[in-house]
Amino acid sequence: MKFERNTLLVLGLIALAFPLLVGNQYLLHIGIMVLLYAVLATSLNLIVGYVGEFSLGHTAFLGLGAYTAALLSLRLGLPAWATIPLAGVVSALFGVVIGAITLRLRGPYFVIITLAFAEVLRLIANNWVDFTNGPMGLSGVAQPALLADASPLMAKRFYFYLALGLTAVSLYLAYRFVYSNNGRAAVTVRENRFVAQSVGIRPFVYAMRAFVLGAFLAGLAGGFYAHYITFVGANVFGFAFMVSMIIMVLIGGKGTLIGPLLGALLVTLLTEYLRELQELRLSLFGLIVMAVVLFLPNGLMGFLNHRRERNPSDAADGAARAQGGPA
Amino acid sequence: MNPTQQDAPLLTVEGLSKTFGGIKAVQEIDFQVNRGEVFGLIGPNGAGKTTCFNLITGFYTPTTGRVTFQGHDITGQSPYRIARRGLVRSFQKTNVLKPLTVFENVLAGHYLSARQSLLATFFPTAPVRAAERDARDNAARLVTLLDLGARMDTPAYRLSCGELRLLEVAVALAARPTLLMLDEPAAGLNSQEAMRFGGILKRLRREQVPSIVIVEHNMSLVMDVSDRVMVMDFGRKLAEGKPAEVKSNPQVVEAYLGRARA
C-alpha cells in the first residue's frame, strides 16, 4: 500500500517535469498516448483485476466516451471541461446497464457478452449515419478555446498536462477504491464468493461498483481522446484498442495499480519503436503476450512483488508451492 | 432488549426438510440453540449435517420448515442477509482468500463494520478513517488470539491445514457474529492439533462469541466443548441431549457401530 503510493507519487513528479524538459512535439505526443493508455489500462484493470472477469468489450466505454464528447462538442458547442466529465458519466450509466446484464455471467460467457456489446455499439456507430455520421466519423471536434493562438508545442504541453490530470484523477479514484472496504469486498468476491457471502457481502454489488468505476474512467479517456485527436470514428469501438489494453494489463500485472501504468509505458514505447516492422509488430506482440502468460502469469508487478516477498524471510519455503499463487 | 427476548432461544429450527430430486437429505429436523450455548451436531458421513448448515445459513433454500434467528424469520433469505443479522458460518471445505495474507483475510472479514458509501470511499471523512483503523486493530488482535500471530503477513496458500482452519474461524469472527456456526473445523487435524483447537474454542467462547454451533467428526472434541449435542443419521434427528446422555443412547451407538448380534 505504502510502496504503491510512494511509487505513484514519484512517477507523478517525473511526469510533471517531463514537458518542461522535453521540447519535442513527437516525444510529447508519445507521452500523451502513454498517459491516455495509463487511464485505459487502469480502468480495464478494475474489471480484470478486481472483479476477476475478463472483459473483451471495454472499448464500449472508451467509444461511448469519445462519441459523447464529440457529439456534445459538435452539436451543442459545449467546451472540453464539460464534455470530458460528461463523457465519463454517460459511460458510467451504460456501465450500470451493461454490468447489470453481464455481471450475472461467469468466465467465457462474460467474455463473449461484453465483446458483443462493444461490437453492437460499433455497428450502431457505423450505421446510424444521421446521428454519428456513420463511417465518415465525426471530425473537427473543438480544441479548448485556450489553445486558439497557442503554438503547436504549447498545445502539446497543454494536452500533456490535461492527460496527466486525468491520469491523476483516475489513479486517485482507483487507489481509494482498491484500498478501502469496497476494494477488499471486491477482492473477497473475486477470490471466493462463499466467503464473501458468509461475512455479509452481497457479491453482485461489489462487482458492479468496480465495473462502473472502470466504465467511468474509460469514458473520461474517450472524452479526452475525442478532443485531442479531434476526430472520432467507429474504430474507437474496435478490437485494436482492446488488444492494446489487454496487453498492458497483462504485462504490467493485473490486480495492482502500478502494473497497468508500467504496461502502458512499455507497450506504447515498444509500439512506436517497432513501427518500422509494421505487420511483424503484431506477431511480436503475440509472442510477448504468450511469454508473459506462460512465465509471468501475474505480470511484471507480480514478479517484483514475489521477489520482494521472498527475499527477506522464508526463501527455503518450496518454490513449487509459491507457483500456485493468485489466479 | 427485554427479558423475554433474552430468554428466548437464539436459533430455532422447526420441521426443516430438504429434498434433492428423490433424495431426502434432511427430514423434519427440529432444534433450538440457546444464548451462551455450544451446540454440537454429529452423525455419520452423509447424515445431512452440512445440508442442515447450508439450509440455516441460506446457501440452500429449505423444501419445508422454518428457521428463526433472534425472533426474525430468516427462512430462505440470501446468505449475506443472514450474515448481516449476526449468524456467520465457516465451511467444511477450506474456503479462504488464497493469495491474500492472513491479516488481509481477517481484515476482509470486517466488511460489515467498515461499510461505507461510495462517496466516503473517494473522500474519506474522520469517522470512516476511524472505522478503518478499528478494523485493522481488531484484525491484528483476532489473528493473535487464534495463535496465528507469527503468520500475520504470510499468504494463505502457504499455511498448513491446521492453520487454515484457524484462519477460517478468524475470518468468521471478524464479521462479529452473535452465533458462530463451524462446519467441521477440525477436519484434517491430527489428534494433538484437534486438542489445541478445542482449547482455542473454549477461549473464544469466553472472550469472543458465547454461542456456537459446531459440526464435527472428532468425538472427543465435540463431547469436550459442547453443552448439548444433537445426533443425525440418514437426514433425521436421532437423539439430542447432554454429551454423556447421547454417548450412552443405544440408537446412537447403533448408528456409529452397527447393531449388536442378538
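Per-structure values
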| quantity | calculated |
| --- | --- |
| Under 20 Å from the Cα of B:Lys237 - lysines, other chains or at least 8 residues apart | B:Lys18, B:Lys24, B:Lys49, B:Lys247 |
| Charge dipole magnitude, Cβ of K and R +1, D and E -1 - region A:2-277, Cα centre, debye nearest 20 | 740 debye |
| Amide H contacts under 5 Å for B:Val38, placed H, 5+ residues apart | B:Ile212, B:Asp227, B:Arg228 |
| Distant alpha-carbon pairs in region A:2-277 (separation over 30 angstrom), percent | 27 percent |
| Degrees between helix A:279-295 axis and first principal axis of chain A (Cα, 0 to 90, nearest 10) | 20 degrees |
| Tilt relative to chain A, helix A:258-273 - C-alpha long axis, 0 to 90 degrees, to 10 | 50 degrees |
| Beta bridges per DSSP with both ends in region B:63-212, % antiparallel, nearest 5 | 40 percent |
| 222 nm mean residue ellipticity, helices alone, for the protein assembly as shown (DSSP H n ≥ 4; -39,500 (n - 2.57); rounded to 500) | -18500 deg cm²/dmol |
| Most mobile of B:Val96, B:Val215, B:Val171 in a GNM of chain B (Cα contacts under 10 Å) | B:Val96 |
| Counted charge near B:Val143, where neighbours are those whose Cβ lies closer than 12 Å (Asp, Glu -1; Lys, Arg +1) | -2 |
| Chain B: DSSP helices with Cα axial extent of at least 30 Å and average Kyte-Doolittle hydropathy no lower than 0.0 | none |
| Which of B:Ala175, B:Gly86, B:Leu189, positive extreme of dipole for region B:76-219 (C-beta unit charges) | B:Gly86 |
| Most mobile listed residue (A:Leu138, A:Leu153, A:Leu21) in chain A, GNM with C-alpha springs under 10 Å | A:Leu21 |
| Cα-centred dipole magnitude for the protein assembly as shown, charges only on beta-carbon of K, R (+1) and D, E (-1), debye, nearest 20 | 440 debye |
| Angstrom value of the Kirkwood radius, inverse mean 1/r, which spans all Cα pairs in region A:25-144 | 15.6 Å |
| Compactness relative to 2.2 N^0.38 Å, alpha carbon Rg of region B:3-257 | 1.04 |
| Residue (of A:Ala69, A:Ala150, A:Ala41) at the positive-pole extreme of chain A, dipole from beta-carbon charges | A:Ala41 |
| Relative contact order [Cα under 8 Å, 6+ residues apart], chain A, whole percent | 31 percent |
| Charge dipole of the protein assembly as shown about the Cα centre (unit charges at C-beta), most positive-ward option of A:Leu164, A:Gln25, A:Val236 | A:Leu164 |
| Net charge over other residues, Cβ less than 15 angstrom from the Cβ of B:Ile42 (K, R count +1; D, E count -1) | -3 |
| Assigned charges on the beta-carbon of Lys, Arg, Asp, Glu; chain B dipole about Cα centre (debye) | 260 debye |
| Longest exposed-site-free window of chain B, the sites being trypsin sites (Lys or Arg not before Pro) in a DSSP loop that have at most 10 other C-beta atoms within 10 Å | B:94-258 |
| P(r) tail fraction, region B:82-128 - alpha-carbon pairs more than 12 Å apart, % | 73 percent |
| Counted charge near A:Leu138, where neighbours are those whose Cβ lies closer than 15 Å (Asp, Glu -1; Lys, Arg +1) | +1 |
| Range of Cα positions in the protein assembly as shown per principal axis (Å), largest first | 102, 55, 48 |
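Bear in mind that the values in this text are calculations on the coordinates, not laboratory data. Not measured: the values here are computed from a predicted model. Because the Cβ atoms are built from the backbone with ideal geometry, glycine has one as well, and the counts that use them run over all protein chains shown.
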